[in-house]
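A quick write-up on the structure given underneath.
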Amino acid sequence: MSIALRTVVTCAVAFGLMAVVGNAARETTASPVAGAPGAAVDGGAATLWQLEVTPGLGVHTEAPLSGNVAANAVIPVEIKGFLYIPEQVTVPIGASVAWTNQDNAPHTSTGTGDSASALSSGAIVFGQTFTQEFNTPGTYPYYCVYHPTMVGTVVVTP
């Protein structure tokens, strides 16, 4: 006998922006809650959505990191729950990104496409940190070779 577990989360969607971001689209199903207060999007009212979240897959709820970051800063990215948190960081030239694995499973931060040669961590085991300095402007998408649904992006600005 198997038991399927699920968590149902109700969140507000105001002005067409969903409160749950990141990997939620891949890992959840969403549908409007009929008859819920504010269920219409008339005049900017919030719409309520129900998300079914599979335990263990996680829902990423942090906004991309950006803002005033020093050129020599080290920006942390947490690897936890088979997610990169935050999923996207924006840094200036000369800044570094440090990925720290907080999962028991090994992970990687491996560039895709044009960024494949610029980012290759190898295996990052529990408690280990991999740090990469970025000296060329551009967008650097990356993923975990062991868990290809884990994806992230580093945006390097001039």
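Structure values in brief
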| read-out | value |
| --- | --- |
| Qualifying residue in the range 112-123 (condition: modelled with pLDDT of 50 or more and either in contact with a helix residue (DSSP H, G or I) (Cβ under 8 Å, 6 or more places away or on another chain) or assigned to a strand (DSSP E or B) (or both)) | yes |
| Residue check, residue 109 modelled with pLDDT under 95 and closer than 19 Å to residue 90 by Cα | no |
| Enumeration of residues in the range 86-97 that are in contact with a Leu (Cβ under 6 Å, 6 or more places away or on another chain) and either in a strand (DSSP E or B) or at pLDDT below 95 (or both) | 89 |
| Complete set of residues in the range 85-116 that are touching a residue at least 40 places away in the same chain (Cβ under 8 Å) and either more than 18 Å from residue 148 (Cα to Cα) or of a type in the set (D, E, K, R) (or both) | 87, 89, 90, 91, 92, 93, 94, 95, 97 |
| Lone qualifier among 83, 57, 48 - being modelled with pLDDT under 50 and crowded, with 16+ Cβ neighbours inside 10 Å | 48 |
| Matching residues in the range 131-158 - criterion: being assigned to a loop (DSSP other than H, G, I, E, B) and under 19 Å from residue 70 (Cα atoms) | 134, 135, 136, 137, 158 |
| Among the residues listed as 96, 115, the single one being among the hydroxyl-bearing types (Ser, Thr, Tyr), touching a strand residue (DSSP E or B) at 6+ places or on another chain (Cβ under 8 Å) and more than 16 Å from residue 69 (Cα to Cα) | 115 |
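The values are calculated or read from the model by the stated rules, or taken from the named source; none is laboratory data. No experiment lies behind these values; they were computed from the predicted model shown. All Cβ positions, even for glycine, are placed from backbone atoms using ideal geometry, and neighbour counts span all protein chains on display.
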